[in-house]
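The values are calculated or read from the model by the stated rules, or taken from the named source; none is laboratory data. Please read these numbers as outputs of a predicted model, since none were measured by experiment. With ideal geometry, Cβ positions are generated from the backbone for all residues, glycine too; neighbour counts draw on all protein chains shown. Each accessible area value is taken on the protein alone, full model and side chains, heavy atoms only, with ligands, DNA and RNA left out. Shrake-Rupley method; radii C 1.70, N 1.55, O 1.52, S 1.80 Å.
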Amino acid sequence: MLKRYVGDRSFYIRIFAVALPIIIQNAITNFVALLDNIMVGQLATAQISGVTIVNNNLMFIFNICMFGAAAGAGIFTTQFRGSGNNEGICYTLRFKLILCGILSLIAGFAFYFLADPLINLYLTGDGDPQMAADTLLAGREYLFMMIWGMLPFAITNAYAGTLRECGKPTVPMVAGIIATFVNLVLNYTLIFGHFGAPAMGVRGAALATVISRYVEMVIVILWTHTHTEACPYAKGLFKSVYIPRDLLGSIIVKGMPLLLNEFMWTIGMALVNQCYSTCGLDVVPAMSISSTIYNLAAVVFRSLGNTVGIFMGQMLGARRPAEELMDTNRKMTALAAFSGVVFGAIVASLSGAFPMLYNTTEQVRHLATNTILISAVLMPLQAYSFPVYFTLRAGGKTVMTTLFDCGSIWFLYLPISFVLSRFTGLPFLAIYTVCNCTDLIKCIVGTILIRSGSWIQHLTGPGKE
């Protein structure tokens, strides 16, 4: 029985050869984000809240949509890689760059002209009016600076995703590590005004992030185009914007549901957070503290979920037997779920100490501690659902993927949070617990979909662009 869920030594060597660079990059990125969050947390509660509203809602929507925009073409990239079709990979990267670039420009204009009403959505709870005004000011200053980093983030996302899908995860890992350390040093310098620089507060934090994104973009672009032996698909990438009509149609058919899914999912989560914020102004900084340590702990299972998608896509492109696909998927999913148990226990043990690092009120710290505990207990459910999502996506079942991922937010999570926050007197922690327990339903549905094997389909290869 155990052998069905546990692989041998060679199995894990193959898995971590792909997963480890992704884990390292994401771990360092999230660790630096944790330090950034703590640095901003030394300013005041209003600054914590303003940055949190922008990062956890507005920029979160943009970032996830960029991943979604590239994900549809990424399905084809992994299968082209499995079948050895470099020309096809070139077309998919070209598509990613065009779409991500256009969307980043649209989002930048939207955030610039709609900054105040978007931030004010999260300032409707009970609390000090002056605190709400200070939070709005901090959020606006931070957002206006962050807009300048949206285009380089979009370009980096297109290149880095393709490199990972083609078996070169170390390159974006190194670029990400360098960029995060640039961000860390500049944060220390610009937030507090060290080394002769002006003390810019939240604007300094945003400027540091923008500069680091340009650094990361330059590294991945230069490496890709100076190593065309390893990246033959980069040759002639900018000679034209041509993409074969049949392939373009296939990417749109398969990819647009993924983009729609990511967009609707993030909008749904932003609305859920807005429902939480009606429980009081203390909820926003408490959620910021909780999400910071949670995101760091979730690095392993999220990276393993991404790795599942890469492996499944390449195996599908190489026409591996269905039995082998199911066996590999089952063992990788079990590994991700186990990591959720381990890191959930670690987070729970730190729930009382971590909020003490922030310069905020005792009420916010208490709320953050309990939010962290709830997230830690439920972490194994999310750890299981991640590889399920990426498995469905790898097989091109984009409509099924959308219903699985986005449907759970719009038909379970959001309605429950809306009703409980508006029409009951339940406190935030009770609402947060009930909403997150809906992940159990998502896991059950995901298990049924995976075991059916309907996600196993070939999108590239002989006779296909």
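Angle between the Cα long axis of helix 59-83 and the longest principal axis of the chain, 0 to 90 degrees, nearest 10?
Orientation of helix 59-83: about 10 degrees from the principal axis.
Given axes a ≥ b ≥ c from the Cα gyration tensor, I'd like to know whether the range 1-131 is rounded (a/c under 1.5), prolate (a/b larger than b/c) or oblate.
Details: a/c = 3.03, a/b = 1.54, b/c = 1.96.
Note, shape of the range 1-131 comes out oblate.
Please give the FRET efficiency for A230 paired with M356, using the beta carbon to beta carbon distance and R0 = 41 Å, rounded to the nearest 0.05.
Efficiency, from the Cβ-Cβ distance: 0.30.
Which of the listed residues, A132, I293, L99, is farthest toward the dipole's positive end in the chain, when Lys, Arg count +1 and Asp, Glu count -1 at the beta-carbon?
L99
Hey, any idea what % of the chain's accessible area is carbon plus sulfur with a 1.4 Å probe? Intermediate values should be presented prior to the final figure.
Details: 13120 of 19070 Å².
Carbon and sulfur: 69 percent of the exposed surface of the chain.
How large is the Rg to Rh ratio of the range 28-92 when both quantities use alpha carbon positions and Rh follows Kirkwood? Show your work: numbers first, answer last.
Working: Rg = 18.4 Å, Rh = 14.5 Å.
Using Cα coordinates only, the ratio equals 1.27.
Sort F301, F411 from largest to smallest accessible area, using a 1.4 Å probe on the heavy atoms of the protein chains.
Putting F301, F411 in descending order of accessible area: F411, F301.
With a 1.4 Å probe and all protein chains kept in place, how much accessible area does K235 have, in Å² rounded to the nearest 10?
Counting only protein heavy atoms, the figure is 130 Å².
Please list log₁₀ I(q)/I(0) at q = 0.11, 0.12, 0.17, 0.19 Å⁻¹ for the range 317-465, using the Debye equation with identical point scatterers on the alpha-carbon positions.
-0.56, -0.65, -1.02, -1.15
Would you calculate the separation in nanometres between label points at I252 and Y112, each defined as 7 Å from the Cα along the Cα-to-beta-carbon direction?
Each label point is offset 7 Å from its Cα along the Cβ direction, giving 2.9 nm.
Holding the Cα-Cα limit at 24 Å, pick out from K168/K442; K96/K239; K96/K235; K254/K442; K254/K331 the pairs that are longer than that.
Flagged as over cut-off: K168/K442; K254/K331.
Sorted by accessible area (1.4 Å probe), largest first, how do I106, I289 line up? Don't skip to the end; give the middle numbers.
Working: I106 105, I289 0 Å².
Per-residue accessible area, sorted high to low, gives I106, I289.
Largest first, how would R393, R9, R422 line up by accessible area (1.4 Å probe)? Working shown, then result.
On the way: R393 45, R9 190, R422 95 Å².
So, going from the largest accessible area down, we get R9, R422, R393.
Using the charge dipole of the range 30-146 (Lys, Arg: +1 at Cβ; Asp, Glu: -1 at Cβ; taken about the Cα centre), state which of S49, M145, F76 has its Cα farthest towards the positive end.
Result: F76, furthest along the dipole toward the positive end.
Accessible area per residue for the chain in Å², computed with a 1.4 Å probe and the full protein assembly in place, what is it? Please report the intermediate quantities before stating the final value.
Numbers: 19070 Å² over 465 residues.
Per-residue value: 41 Å².
Quick one: Cα centre-to-centre distance for the range 9-76 and the range 221-249, in angstrom?
If you average the Cα positions of each part, the centres end up 27 Å apart.
Taking 25 Å as R0, compute the FRET efficiency from the Cβ-Cβ separation of N86 and L260 and round it to 0.05. Walk me through the numbers on the way to the answer.
Working: r = 29 Å, r/R0 = 1.17.
So the FRET efficiency works out to roughly 0.30.
Figure the gain on full extension for H366 and A199 (residue separation times 0.36 nm, minus the Cα-Cα span) and round it to one decimal in nm.
On the way: separation 167, 0.36 × 167 = 60.12 nm, distance 3.01 nm.
Extending this stretch completely gives an extra 57.1 nm.
What whole-number distance in Å separates the alpha-carbon centres of the range 159-193 and the range 87-117?
One Cα centre to the other: 20 Å.
Is the shape of the range 116-204 best called rounded, prolate or oblate, per the rule: a/c under 1.5 gives rounded, else a/b larger than b/c gives prolate, else oblate, with a ≥ b ≥ c the square roots of the Cα gyration tensor eigenvalues? Walk me through the intermediate numbers first.
On the way: a/c = 3.21, a/b = 1.63, b/c = 1.97.
Taking the square roots of the gyration eigenvalues as a ≥ b ≥ c, the range 116-204 is oblate.
At 0.36 nm per residue, and after removing the present C-alpha to C-alpha distance, how many nm does the segment from I441 to V185 gain when stretched out fully?
87.9 nm
Quickly work out the A345-to-Q42 label distance, labels modelled 7 Å from Cα along the C-beta direction, and quote it in nm with one decimal.
Each label point lies 7 Å from its Cα, and together they span 3.5 nm.
If you take every residue apart from Y5 with its C-beta less than 9 Å away from the C-beta of Y5, what net charge results, scoring Lys and Arg +1 and Asp and Glu -1? Provide the component values of the computation, followed by the final result.
Working: positive: K3, R4, R330, K331; negative: none.
Result for the local shell: +4.
Under 16 Å from the 7 Å Cα→Cβ point of R319, by amide nitrogen: which residues of the range 80-101?
Residues passing the 16 Å test: 80-85.
On a 0 to 90 degree scale, rounded to 10, what angle separates helix 283-297 from the longest Cα axis of the chain?
Taking the Cα atoms of the chain, the angle to 283-297 is about 40 degrees.
Could you give the nm distance between label points at L222 and R14, where each point is 7 Å from its Cα heading toward the beta carbon?
The answer from the label model is 3.6 nm.
Placing unit charges on C-beta atoms (Lys and Arg positive, Asp and Glu negative, everything else neutral), compute the dipole magnitude of the chain about its Cα centre in debye, rounded to 20.
1420
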